1. Going Cα to Cα from Lys317, which aspartates and glutamates come in below 15 Å? Please leave out same-chain ones fewer than 8 positions away.
2. Can you pick out the pairs among Lys380/Lys483; Lys396/Lys483; Lys284/Lys371; Lys120/Lys201 whose Cα atoms lie more than 24 Å from each other?
3. What is segment 256-560's relative contact order, in percent, from Cα pairs under 8 angstrom and six or more apart in sequence?
4. Shape call for segment 256-560 from the C-alpha gyration tensor, a ≥ b ≥ c root eigenvalues: rounded (a/c under 1.5), prolate (a/b greater than b/c) or oblate?
5. Would you work out the relative contact order for segment 402-551, in percent, from Cα pairs under 8 angstrom that are 6 or more residues apart?
6. How large is ³J(HN,Hα), in whole Hz, for each residue of segment 218-232 in order, when computed from phi with the Karplus curve 6.51 cos²θ - 1.76 cosθ + 1.60 and θ = phi - 60°, using x for Gly and Pro?
7. Size of the dipole of segment 256-560 about the Cα centre, Lys and Arg at +1 and Asp and Glu at -1 on the beta carbon, nothing else charged, in debye to 20?
8. What does the highest-first list of 525-538, 544-557 look like by mean Cβ count within 10 Å?
Amino acid sequence: MGGVEDEEPATKRTKVSFEELRGLSNGSSFIEPVSASSSDLMARPLASEVDKEVVGSKGIIKRVEFVRIIANALYSLGYKKSGAHLEEESGIPLHSSVINVFMQQILDGNWDESVSTLLKIGLLDERIVLSASLLILEQKFFELLDAEKVMDALKTLRTEIAPLCINKRVRELSSCIVAPSQCNLVGSCSQDIVRSKSRSKLLLELQKLLPPTVMIPEDRLEHLVEQALLLQRDACIFHNSLDNEVSLYTDHLCGRDQIPSQTLQILREHRDEVWFLQFSHNGKYLASSSNDRSAIIWEVDVNGGVSLKHRLCGHQKPVCAASWSPDDHELLTCGLEEVIRRWDVSSGECLHVYEKADSGLVSCGWFPDGKWIFSGVNDKSICMWQLDGRELQCWKGQRTLRISDLEITNDGKQIISICRENAILLLNREANTERLIEEDQTVTSFSLSRDNRFLLVNLLDQEIHLWNIDGDLKLVAKYKGHKRTRFVIRSCFGGLAQAFIASGSEDSQVYIWHRGSGELIEALPGHSGAVNCVSWNPVNPHMLASASDDHTIRIWGLNDLRMKRKDTHSNSVHYCNGGT
């Protein structure tokens, strides 16, 4: 059995006009449109029953809309009697009589009558009328097929759906007659062809299509309340709580006590300046590296206490960076213009040493699958190795600086590095294309957000810039207040949903800003030397670590979570109980 094109080529079809559509429903008579105004579609209460047209202290909530939305919520919650009583007492119906008839016709499967009633609503947008008509007639078509009334379904397709002039859709529906099995093939070209859906689902689709003044969107009140709660939460610059409960009874407001601002521990195992530190992805470990040519793996216990697990020795130069494997089972450490060492986290054993003849390595990182590693080289190239040390690829040219951060996105496609003093390179290794973030000032370091959409860039002029790198490169925020004149200072994202920015500073303090507003909310004293690096625990938003030239690492937590320990300082770990 052929499709509709067999008898009438598509080129001969003419688009049905808005007026002609009124006669499509089995010869229904011409019906004059009513006004499109929503106020004309519903009964109005008597003047004596209306105190005012708006409610609320700001005078921006229209009374009619407010009552209709409340009634809609009552019905959706199952309180049908209460909803009906509200309509009766207020004199404001949820829907006009035309809409009520239309909805019932849809639920009863009276398709021809529902198309006719659709035209009585008075919609002036022809596209909406055509789209709604197509939804109704498709439902009719599929129900006829399901009832094995193939000829009736074909007639509906030819005489009612085809004149709507949506040729591609007509061909897809025709295939359901010619090859019914094709309608249900997942992933096929006809994947959006579905058999008859429930009529209530059709009603929901029509509800989304028709103007909200005609049919109020489902769960509109719930959506408005959720939106208000989320806006309150997002506007709260101290929101950093794992407790997801937000009450309707009070406005949301957090205090400073949600920000890790209390020194809970001081770790003293390094014998020289601590240059770098980073929490593992699972938050159970902390890696630090130092000018003393060692790195340390620290273990975080269930109560948030931090203790030494392994001291990693073997580098002949200061250790400038460390990087956790995707599964946190291994750790890379990079000596300053030296070699990269790969360590087993469980045993502390060195598994492999990566080096490049006549060149020194300056940074390190893992590919997302954990099968390859990559590094910046002091000849300004970026190299990639297999775990066994075999070099796979090397990108030559001005790819990185002598001292440079290096990141790769979670999909493994983009390598990010500082390629010039004032520029960051985003290298797409698959497409072999490059993008550049160019700053007016010298770039000293950067950090990639967990979702890979943002880059935090530290500059020589004591500013930190937030760039959106998802699509077109765009500078979206600036953070100021910390001090940087001589050293490389590193910053990080952190807190719940990475809503905060933290940074070290040469004035011995840790600075914390609210990411969205840019407001500086904390400057934490305690260190006696420049704070070189900070890292926020990705699992515990109340744990922050900082590394300093004073040879120590500080673990910061909440004011009310002071750790109770015995007065012992084993492993050169000093536990603070309020003081520093």
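1. Asp272, Glu273, Asp292, Glu337, Glu338, Glu355
2. On the way: Lys380/Lys483 29 Å; Lys396/Lys483 35 Å; Lys284/Lys371 22 Å; Lys120/Lys201 22 Å.
Among Lys380/Lys483; Lys396/Lys483; Lys284/Lys371; Lys120/Lys201, the Cα-Cα distance tops 24 Å for Lys380/Lys483; Lys396/Lys483.
3. Values: 884 pairs, mean separation 49.1, N = 305.
16 percent.
4. Numbers: a/c = 1.55, a/b = 1.14, b/c = 1.36.
Oblate is the answer for segment 256-560, as a/c is 1.5 or above yet b/c matches or exceeds a/b.
5. Numbers: 370 pairs, mean separation 19.2, N = 150.
With pairs under 8 Å counted, the relative contact order is 13 percent.
6. 4, 6, 5, 5, 4, 4, 5, 5, 4, 4, 5, 5, 5, 5, 5
7. On the way: 32 positive and 41 negative charges, 38 e Å.
Computed charge dipole of segment 256-560: roughly 180 debye.
8. Details: 525-538: 21.6, 544-557: 24.2.
In descending order of packing, they fall as 544-557, 525-538.
The values are calculated or read from the model by the stated rules, or taken from the named source; none is laboratory data. It should be emphasised that the depicted structure is a prediction, and the values quoted were computed from it without experimental measurement. In this analysis, Cβ positions are derived from the backbone assuming ideal geometry, glycine residues included, and neighbour counts consider all displayed protein chains. Note: accessible area is taken over every heavy atom of the protein model, side chains too, but ligands, DNA and RNA are not part of it. Shrake-Rupley method; radii C 1.70, N 1.55, O 1.52, S 1.80 Å.
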